[in-house]
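A.B. asks: One structure, pasted below without further comment.
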Amino acid sequence: MTLYPCMSALDCFPTPTESTLRRKLLVISAAPLDQPTTRGLSEIHAIKAAHAPHRHLRIDVVESANIDGFRRALLRHSPTFIHIIMHGNDQGLMFEDELGYARLITHEHLASFFLAHRPRFVMLSACHSTTLAAKLAEGGVAALGFRGAVTAAAALEFARGLHDALAARRSLEFAVEEGRRTAIVHGHVLQAELHLPGPMPSP
């Protein structure tokens with residue numbers, strides 16, 4: 001198992017000015033009218049509840065996101081961490097169009113945006129999202145996705161456990177396992193896969 005060279009996920013990859021700045025978590029959700037319910041509001045509430053007692057993160061939320069709302073949120077908030085709540089398939093993620101219906105954005109296009117902004121960690125709470133997570137890790141960004149389908153209830157409980165552990169400043173690997181344990185204890189089965197960047201090549 002690859003471990004981060006730091007005490008916790010929230011301490012990884014410090015920048016020279018970050019000691020004086022609050023880290024930022026950007027939560028982006030979409031619930032197209034022609035897709036099943038994601039329980040996105042419940043997942044957002046669980047994330048906020050996990051971090052509320054600790055006050056070491058600023059949390060910004062963008063709901064009913066279309067691709068331009070996603071793009072602008074990255075520019076406006078410069079997030080340290082990103083949590084995506086959407087439907088997905090083996091080709092990409094389902095954003096909303098101008099009328100609120102599903103618009104598929106491919107993994108390749110999404111990876112280009114994520115990698116341009118280089119957050120420390122991206123959580124992809126979406127079906128079939130491990131392919132995108134792997135692309136992000138190849139580009140140097142830690143990411144987690146689900147292999148195959150995942151129910152909205154399972155994704156909610158996984159997110160609850162994950163963020164409870166991250167807020168308690170546990171390692172990213174521990175937080176992923178806490179997410180799995182939390183989903184399992186509530187009767188859910190899922191395949192969450194953490195993809196970490198490889199070691200930097202020697203100069």
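A.B. asks: Would you pick out the residues in the range 82-92 that are without any contact (Cβ under 8 Å) to a residue 60 or more places away in the chain and buried (at least 17 other Cβ atoms within 10 Å of the Cβ)?
C.D. replies: Ile82, Ile84, Met86, His87, Gly88, Gly92
A.B. asks: Filter the range 94-108 down to residues that are in contact (Cβ under 8 Å) with a residue 40 or more places away in the chain and in contact with a helix residue (DSSP H, G or I) (Cβ under 8 Å, 6 or more places away or on another chain) and give me whichever is farthest from Ile44 (Cα to Cα).
C.D. replies: Residue satisfying both the conditions and the ranking: Arg103.
A.B. asks: Is the range 143-161 home to any residue that is among the basic types (Lys, Arg) and under 22 Å from Lys48 (Cβ atoms)?
C.D. replies: Looking through the range 143-161, at least one residue is among the basic types (Lys, Arg) and under 22 Å from Lys48 (Cβ atoms).
A.B. asks: Got a number for residues in the range 39-81 being buried (at least 20 other Cβ atoms within 10 Å of the Cβ), of a type in the set (S, T, N, Q) and in contact with a His (Cβ under 9 Å, 6 or more places away or on another chain)?
C.D. replies: Going through the range 39-81 one residue at a time, the tally reaches 0.
A.B. asks: Another question about this same structure. What are the pairs with Cβ atoms under 9 angstrom where one residue, in the range 139-150, is within 21 Å of Leu115 (Cβ to Cβ) and the other, located anywhere, is in a loop (DSSP other than H, G, I, E, B) and of a type in the set (Gly, Ala, Ser)? Sequence gap at least six, or different chains.
C.D. replies: These pairs meet every condition: Gly140/Gly198; Ala143/Ser129; Leu144/Ser129; Gly145/Ala126; Gly145/Ser129; Phe146/Ala126; Phe146/Ser129.
A.B. asks: Out of all the residues in the range 98-119, is one or more surrounded by 17 or more Cβ atoms within 10 Å (Cβ to Cβ) and within 12 Å of the chain's Cα centre (by Cα)?
C.D. replies: Checking the range 98-119: at least one residue is surrounded by 17 or more Cβ atoms within 10 Å (Cβ to Cβ) and within 12 Å of the chain's Cα centre (by Cα).
A.B. asks: Which one of these does Ala9 not meet: (1) within 20 Å of Thr130 (Cα to Cα); (2) at pLDDT 95 or above; (3) under 19 Å from the mean Cα position of the chain (by Cα)?
C.D. replies: (2)
A.B. asks: Report, by residue number, each residue of the range 120-134 that is closer than 20 Å to Thr80 by Cβ and surrounded by fewer than 23 Cβ atoms within 10 Å (Cβ to Cβ).
C.D. replies: Arg120
A.B. asks: Here's a check for you: in the range 172-189, which residue that is assigned to a loop (DSSP other than H, G, I, E, B) and at pLDDT 95 or above is surrounded by the fewest Cβ atoms within 10 Å (Cβ to Cβ)?
C.D. replies: The qualifying residue surrounded by the fewest Cβ atoms within 10 Å (Cβ to Cβ) is Gly187.
A.B. asks: Next question, about the same structure. Before we move on, is Pro32 part of a loop (DSSP other than H, G, I, E, B), of a type outside the set (A, V, I, L, M, F, W, C), at pLDDT 95 or above and farther than 19 Å from Ala154 by Cα?
C.D. replies: yes
A.B. asks: Also, I was wondering about something else. Please specify each residue of the range 36-75 satisfying the condition of being in a strand (DSSP E or B) and free of Cβ contacts under 8 Å to residues at least 24 places away in the same chain.
C.D. replies: Listed by number, the list is empty, since nothing qualifies.
A.B. asks: Taking the range 20-38 as the search range and keeping residues that are out of contact with any Ser or Thr (no Cβ under 8 Å at 6 or more places or on another chain) and buried (at least 18 other Cβ atoms within 10 Å of the Cβ), which one is farthest from Leu162 (Cα to Cα)?
C.D. replies: Pro32
The values are calculated or read from the model by the stated rules, or taken from the named source; none is laboratory data. All values reported here derive from a predicted model rather than from experimental measurement. Please note: Cβ atoms are built from the backbone with ideal geometry, for glycine as well, and neighbour counts cover all protein chains shown.
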